[in-house]
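Notes follow the structure.
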């Protein structure tokens, strides 16, 4: 198994959000501050890796017909563990992510990777896949957070730096407030996916012109 | 519970705090199944139905099983299992008794299990301490809000196909921008409330 290729796929060519178009709900909903994005990204990364490992390990003894139910139970178990850990050790994060932590259960990325990758590949490859796809997801979340936070309220690293207020880079009155509202989530994600399509289509065009 | 209280829950779920445009719940089917108007209507109706039933059943499970035995930490696992079983039952029931509706809904029925609006409404009901009737009203009206959003969106998207837009925006990105503009118009409802 080629780990370098898997890494590149998870990050760019087969990015879970921008190319596979999975896990939209959480991507748009929680990317309002840097801290939220980082917390959600790491939570998904951990759950995705662990559930990929377990599903790859039990893939040979699970009957084909009930595999989806099995996946959901495994994922729900890990989500509960992470939810309780966050509540105990990082209550502020748990508060601001709210209902979206338990909703990781129905995040299409995790179920999608379980079905498309972990169910067909070995434990090690699945673990690497979980980490790569998780990093790809986290990076998209962070990009969204940085754009929305910087242009929307003019700060950087909200919830994390400068005692939670974030570093102010743009004076408050110049912020495009609409980007911090739900509208901003849809529009920023749309523009990012368009940029990704443009970037992925470019090498192909070069080949055609040759 | 007074009627005005229920009305304000309903109004909130359909317009002010629309599940898709202000809470981002159920975006995956919203974006995935909105290419054609008639499938969007089918999906919306199926979701409304499941959300109403799921709110009722998860409320009962939570009140009489989880809370009673001090198992609240198992909520996520219990709810997703209840929802998966419920969807499976509805599928079997429709197949036997209403085959026409069953074929109309087709593949969208099993997909509802992974719709985050359904699990979301179950969890939000518990979080907001709603009683049984309020939960059911919130579930059904939340589903109606989803129906309204997906039907409007599908109608716009059908016309979008013929629009001339930059190559890299074709397909998904332009749909997201459209959804963003619709979310903007739904913001106009904020502040709307029922006096009571």
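Here the average projected area of the convex hull drawn through the C-alpha atoms of the protein assembly as shown stands at 23.2 nm². With respect to chain B, whose longest principal axis is taken over its alpha-carbon atoms, helix B:75-97 is tilted by about 70°.
Cβ-Cβ distance of residue B:73 and residue B:167, R₀ of 56 Å, FRET efficiency by 1/(1 + (r/R0)^6): the value works out to about 0.65.
Inverting the pair-averaged 1/r between distinct Cα atoms of the range B:1-117 gives 15.7 Å as its Kirkwood hydrodynamic radius.
Residue by residue along B:108-115, Cβ atoms of other protein chains within 10 Å of the local Cβ number 2 on average. Estimated from the Cβ-Cβ distance and a Förster radius of 25 angstrom, the FRET efficiency linking residue A:176 and residue B:128 is about 0.20.
When the alpha carbon coordinates of the range B:1-48 are projected onto the principal axes, the ranges are 39, 19, 12 Å, largest first. Put in line by how crowded their Cβ is, counting other Cβ atoms within 10 Å and starting with the fewest, B:158, A:172 read A:172, B:158.
Each of A:168, A:67, B:159 was scored by other Cβ atoms within 10 Å of its Cβ. Arranged with the fewest first, they read B:159, A:168, A:67.
Taking the number of other C-beta atoms within 10 Å as the exposure measure, put B:187, A:40 in order starting with the fewest. Walk me through the numbers before you get to the answer.
On the way: B:187 17, A:40 27.
Listing B:187, A:40 from fewest to most nearby Cβ atoms yields B:187, A:40.
Seen from every direction in turn and averaged, the convex hull around the alpha carbons of chain B projects onto 12.5 nm². Here the range A:85-124 is scanned for amide nitrogen atoms under 19 Å from the site 7 Å beyond the Cα of residue A:20 along Cα-to-Cβ, giving A:103-124. Applying 0.36 nm per residue to the separation of residue A:13 and residue A:168 and subtracting their alpha-carbon distance, the gain on full extension is 52.4 nm. Between residue B:2 and residue B:41, the distance separating the two model label sites (each 7 Å from Cα on the Cα→Cβ line) works out to 3.8 nm. Under Stokes-Einstein, with the Kirkwood radius over Cα pairs as Rh, the value for the range A:3-209 at 37 °C and 0.692 mPa s is 183 µm²/s.
When peptides B:54-60, A:54-60, B:120-126 are ranked by their average number of other Cβ atoms within 10 Å per residue, the highest-first order is B:120-126, B:54-60, A:54-60.
Just so you know, all these numbers are worked out from the coordinates, no wet-lab data involved. All figures in this text were calculated on a predicted structure; none of them were measured in a lab. As a convention, Cβ positions derive from the backbone with ideal geometry for all residues, glycine included, and neighbour counts pool all protein chains shown.
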